[in-house]
Amino acid sequence: MSRNQRPKIDEYPEYLFIILHFPIFDKQVGRLNAGELDLFIGPDYIITLPNQPLKPVEYLFERCRTNEEVREQLFSKGTGYLLYQIVDQSFDYCFPMLRKIGNKLEQLEEDIFIGRGEEIVRDISNVKQEIINFRKTIRPQRSVLRDLERTKQRYMRAELEVYFDDIVDAVERIWDMLENDKEVVEALEDTNESVISHRVNDILRVLTSISVIVLPLTFIASLWGMNVGVPGEGDHTAFWIITGVMIAMLVGMVTYFRRRGWL
Amino acid sequence: MSRNQRPKIDEYPEYLFIILHFPIFDKQVGRLNAGELDLFIGPDYIITLPNQPLKPVEYLFERCRTNEEVREQLFSKGTGYLLYQIVDQSFDYCFPMLRKIGNKLEQLEEDIFIGRGEEIVRDISNVKQEIINFRKTIRPQRSVLRDLERTKQRYMRAELEVYFDDIVDAVERIWDMLENDKEVVEALEDTNESVISHRVNDILRVLTSISVIVLPLTFIASLWGMNVGVPGEGDHTAFWIITGVMIAMLVGMVTYFRRRGWL
Amino acid sequence: MSRNQRPKIDEYPEYLFIILHFPIFDKQVGRLNAGELDLFIGPDYIITLPNQPLKPVEYLFERCRTNEEVREQLFSKGTGYLLYQIVDQSFDYCFPMLRKIGNKLEQLEEDIFIGRGEEIVRDISNVKQEIINFRKTIRPQRSVLRDLERTKQRYMRAELEVYFDDIVDAVERIWDMLENDKEVVEALEDTNESVISHRVNDILRVLTSISVIVLPLTFIASLWGMNVGVPGEGDHTAFWIITGVMIAMLVGMVTYFRRRGWL
Amino acid sequence: MSRNQRPKIDEYPEYLFIILHFPIFDKQVGRLNAGELDLFIGPDYIITLPNQPLKPVEYLFERCRTNEEVREQLFSKGTGYLLYQIVDQSFDYCFPMLRKIGNKLEQLEEDIFIGRGEEIVRDISNVKQEIINFRKTIRPQRSVLRDLERTKQRYMRAELEVYFDDIVDAVERIWDMLENDKEVVEALEDTNESVISHRVNDILRVLTSISVIVLPLTFIASLWGMNVGVPGEGDHTAFWIITGVMIAMLVGMVTYFRRRGWL
Amino acid sequence: MSRNQRPKIDEYPEYLFIILHFPIFDKQVGRLNAGELDLFIGPDYIITLPNQPLKPVEYLFERCRTNEEVREQLFSKGTGYLLYQIVDQSFDYCFPMLRKIGNKLEQLEEDIFIGRGEEIVRDISNVKQEIINFRKTIRPQRSVLRDLERTKQRYMRAELEVYFDDIVDAVERIWDMLENDKEVVEALEDTNESVISHRVNDILRVLTSISVIVLPLTFIASLWGMNVGVPGEGDHTAFWIITGVMIAMLVGMVTYFRRRGWL
């Protein structure tokens, strides 16, 4: 069996073979990966072959092992009900992940206007990649689960039908939330770009104002610094006249820039 | 019952269970949230379970309590008509919200060219998030209401059919307006980016022009400021010659930049 | 009747009720709005209720009033034909508007490379909003007119069918043109952004080149301007040696920037 | 008949009326326009009414006029075959145009990194408008040709069916290529933007480095240029001490910027 | 037969004609091209006509030639099975290519924040073009393979059906991976743009800070450098007073910029 297959459902005369993917947060690399769960379901048996440990499945079986009552409850209603429990618990595990992403997005929305620098670009990029990976895992699942809803009657009692609607519903909700998260993160990215553009604009306004004010004044001063016979050479009144003219220029230019809204 | 479920309609033999979401403006946080309204409709009863107070529903029941006539009118036509009234009033409540968003967008359209600075980025971002949240609330509703239209016959007289078309119509109108608002806010964002780019361009033109004009002149002045035997040392005519040359250079460069359209 | 309803067609036993929207250019505000036209069509009457004066409809009735022949021709073929005339004339009125938008887009395409400054951002933004509003008006119409084509048989002779195909065709053409206009205006916006980026780049290259050339030279000059015992103090040859070294540096740097393509 | 109609196929009892559009490169304006070809096909005649000269159609008829054999071959198989020949030849004419666009795109891909300046923005914009216009011409055709495939049996022998599949196939191929070209040109535009951003970044790094290094040194020099009693006034050793300190500062700052990767 | 045809499947009475495209990495130009494989499949023969050497096909036939057993195994199950082997092996060849693209994307994700300069723009652009070309090759294939699944029964035993599901599955997986890769590369491009914007912002902050601090100080120094009777002329205390004032200004401005977060 190849290492990573697409989620699918194959019907064989005596059993169903189901491949499902679930998002798993790999703490070491800090990214979301897809964990594969292969399932064989026959009329009186169910075999789970996870590619890597899936916490919700392990927890379910753990409870069966330790708790007589839970086992009784799960196993008495046929393999269909057990399948439902496994799949449902596994998808329920997505919601805390989605809440985390939602919280990160809300945090970012506030941080953008505070101006935390390049870090925020990295944070937005990471959340975006997380959402992309999450979507990659969930997307092919939707058609599989709809197929499952259609084929589920075989090993299930009719009254369980409503439970499976529940799973399809959960996956659609996950998908809707991811769609929305994607819109939000893209909007945040655009806003962040606008904020930076605005800051560049602000900084340039200051730089330009100061340069335009100070450079000409410095030029005039250096004009009188020339070692030629400058007008008013060695004259103390000349210093105050020139300084006065410069202050007048400065006031004029500052007023001008204030009016244009640059300062 | 889990805290927030997807809008849906479940048919049970004796009653209908409907979950609907409505946008509610949370004044404290300043954002749109989804309020959930759960409804059980049987042949002769209707139970409303709002997740949080929904003004239009509360107002409707308030009127029933205080006004005999209104109660008579609402309760005499069966639960179908009452359901229609509740849903219709709740969606009608969306239109003032949409009008508010529309007004904000029109205001922004004018403000962009006035140049209100970083605030406008924040305002555009807020309206965008509002529209995204509004869409998130309305989107899953559309299929539910179409389902409702199909299943509504059970507790309704046929002549009420036209009323339900009205609700579907209202939701479709809300959706169309949101689609349009989204297009508008994205266009505004793009325009704002262009406006900032243009301003950066304008400021840089001024900065460059002044620097390119003044810096070389200052250099020449500081050349004659060197404490070596400069040509025309201590000579008063020399000052005027150098100043004249500088004025000629200045006029030349200003003319050049005018022609290139930089000043 | 609420002030602004979605375009729709409602069939009643004795008459059809049709709501259509048409784009109207409001000269005062300078934007496209949607004008509503409500129509009641019975087997032998047609009632038009425009929300605001619609020129093509008014013009049609004006001609009926003044010209016996036109009235004869319009009224003799049943209400179906009259409906066709009203709707067709109203949509025909869209084409001059579209041509205007097309002309504006062509004008903008040329203007972008001329560099008319911030005005062009405003012009692009205005055309874009116009296209968005036009699309908003036409979009919901398409399904209504297809419905109309299906229900039209009631008060129409079969031979008129081909006329109604014509209207659907016209609306689809309008929609296609708007789709195309939208693509064009978005492409123009992107191009304009690129043009500005390029100009910023050009200006910065000039600014950087001049600064990098003149600033070090000024520094050297001011070094010899220090009131300490500079080498070659008071020496006339020193001036020419320093000036010579500076010219050599200038030539070297200009050559370097030419090679890097900055000047 | 109105000047420019949508591509369509109208079936009349005695003939088919077909409108098709073909892209024509207008050399004078340098843009792609749509040429219209109207066709009436009866059981034993075919009338072509091109809006403007269409080279492939003209060439086909030219060959019929001059070459007995070609005429025989074309006319002997019924009007269906002739229709097929006209349409097929006309669409075949699109492929050289597409190849030209493809070549331009490949050329642009190389040019972007060479940095040809504003010209490249203009070139990308032109290709994009060309692709948009091409798509505008081809898009409505696809459904018409599928209709044509369905209605073609009337004046055609069954064995010709495979030929018409060929035309549908050709148009789908043209459409696929245009879709791909659109993706490519948008990717090029984005890349070009990134390249410019990077260059702006590079230039600013140089400008900033030089300014930050030279400005403080110039300040120190001008400090000693003040006509007050500076320390080491008139002292030759002072010059070398100050110069030494400046060189140390310069080396320190250059090292610092090297480490930060700015120079 | 024209040089490059769209992937398709044509059914003839006695054989099937299939055109498939496979991505081939052309090492010389460094880009992905589409290699065409034409297949004629009759009840007891299969003819492969590759446009250019296709490694997986060649390798398959090579193994047949050298290994009796393999030949036996491949040829004994009918042409359907052989077709399946050829197509399956050819598509399997795509996965190492996809893994390479995936690795490049992961590498780029890390490189963006390191700041490798313009090279990274080129790398992102190249991967994007590769993904676009890959998609261009695979896209039309999907419908062909679904057609193939429908028509395959003719020369195949029923038990082979499950194998063909496998191919369709593989192509869908390739397509899903390409969709995801496209999302990832676009996200990387956006992130890279943001990173550059942030760097420009950072650099400008430094440039502005230094200019705004040093330029006014230089101006003051040059004011006292004027050859007029400056206050405190020749006075040693004056130097220290002025320097003291300047240090006070410097400290004040640095504190101010620190607070605004510019330094």
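The values are calculated or read from the model by the stated rules, or taken from the named source; none is laboratory data. Keep in mind the model is a prediction, meaning the values are calculated, not measured. For neighbour counting, all protein chains shown are included, and Cβ atoms are generated from backbone atoms with ideal geometry for every residue, glycine included.
Restricting attention to the stretch E:159-182, does a residue exist that is of a type in the set (A, V, I, L, M, F, W, C), at pLDDT 85 or above and under 26 Å from A:A187 (Cα atoms)? Checked the stretch E:159-182: at least one residue is of a type in the set (A, V, I, L, M, F, W, C), at pLDDT 85 or above and under 26 Å from A:A187 (Cα atoms).
For the stretch E:71-116, a tally of residues being of a type in the set (K, R) and touching a residue at least 40 places away in the same chain (Cβ under 8 Å) returns 1.
Determine if the stretch E:44-52 includes at least one residue that is modelled with pLDDT under 90 and within 13 Å of another protein chain (Cβ to nearest Cβ). Among the residues of the stretch E:44-52, not one is modelled with pLDDT under 90 and within 13 Å of another protein chain (Cβ to nearest Cβ), which makes the answer no. Somewhere in the stretch E:210-220, is a residue surrounded by fewer than 21 Cβ atoms within 10 Å (Cβ to Cβ), hydrophobic (A, V, I, L, M, F, W, C) and closer than 30 Å to E:E14 by Cβ? No, the conditions are met nowhere in the stretch E:210-220.
Within the stretch A:216-232, residues that are more than 7 Å from chain B (Cβ to nearest Cβ) have Cβ atoms under 7 Å from residues that are assigned to a loop (DSSP other than H, G, I, E, B) in these pairs: A:A221/E:G225; A:A221/E:M226; A:W224/A:V230; A:W224/E:M226; A:W224/E:N227; A:W224/E:V228; A:G232/E:V228, counting only partners at least 6 apart in sequence or on another chain. Whether any residue in the stretch B:126-136 is surrounded by 14 or more Cβ atoms within 10 Å (Cβ to Cβ) and over 28 Å from A:E179 (Cβ atoms) is what I want to check. No, the stretch B:126-136 has no match at all.
Looking only at the stretch A:200-215, residues that are without any contact (Cβ under 8 Å) to a residue 24 or more places away in the chain and in contact with a Phe, Trp or Tyr (Cβ under 6 Å, 6 or more places away or on another chain) come to 1 in all. The set of residues in the stretch D:177-199 being touching a Lys or Arg at 6+ places or on another chain (Cβ under 7 Å) and free of Cβ contacts under 8 Å to residues at least 12 places away in the same chain consists of D:N180, D:A187.
Restricting attention to the stretch B:169-214, the residues that are at the interface with chain C (Cβ under 7 Å from one of its Cβ atoms), under 30 Å from B:P23 (Cα atoms) and not charged (D, E, K, R) add up to 4. For the stretch D:123-134, a residue qualifies if it is more than 7 Å from every other protein chain (Cβ to nearest Cβ) and either touching a Gly at 6+ places or on another chain (Cβ under 6 Å) or within 12 Å of D:R31 (Cβ to Cβ) (or both), and the qualifying residues are D:N126, D:V127, D:E130, D:I131, D:N133, D:F134. Taking the stated definitions as given, is C:I120 under 30 Å from B:L105 (Cα atoms) and within 14 Å of chain B (Cβ to nearest Cβ)? For C:I120, the condition - under 30 Å from B:L105 (Cα atoms) and within 14 Å of chain B (Cβ to nearest Cβ) - is met.
When C:E183 is tested against (1) in contact with an Asp or Glu (Cβ under 9 Å, 6 or more places away or on another chain); (2) surrounded by fewer than 20 Cβ atoms within 10 Å (Cβ to Cβ); (3) outside any loop (DSSP other than H, G, I, E, B), only condition (1) is not met. Each residue in the stretch E:89-117 was checked for being under 21 Å from E:Y59 (Cβ atoms) and either within 12 Å of another protein chain (Cβ to nearest Cβ) or outside any helix (DSSP H, G or I) (or both), and 5 of them qualify.
Of everything in the stretch D:66-91 that's among the charged types (D, E, K, R) and surrounded by 14 or more Cβ atoms within 10 Å (Cβ to Cβ), which residue is farthest from D:L32 (Cα to Cα)? The residue in question is D:K77.
Scanning the stretch A:53-83 for residues that are among the hydroxyl-bearing types (S, T, Y) and at pLDDT 85 or above gives A:Y59, A:T66.
Applying the set (1) within 12 Å of chain E (Cβ to nearest Cβ); (2) under 18 Å from the mean Cα position of the chain (by Cα); (3) β-branched (V, I, T) to A:I9 leaves exactly one unmet item: (2).
If you go through the stretch D:228-255 and keep only what is of a type in the set (S, T, Y) and either crowded, with 16+ Cβ neighbours inside 10 Å or within 60 Å of the chain's Cα centre (by Cα) (or both), you end up with D:T243, D:T255.
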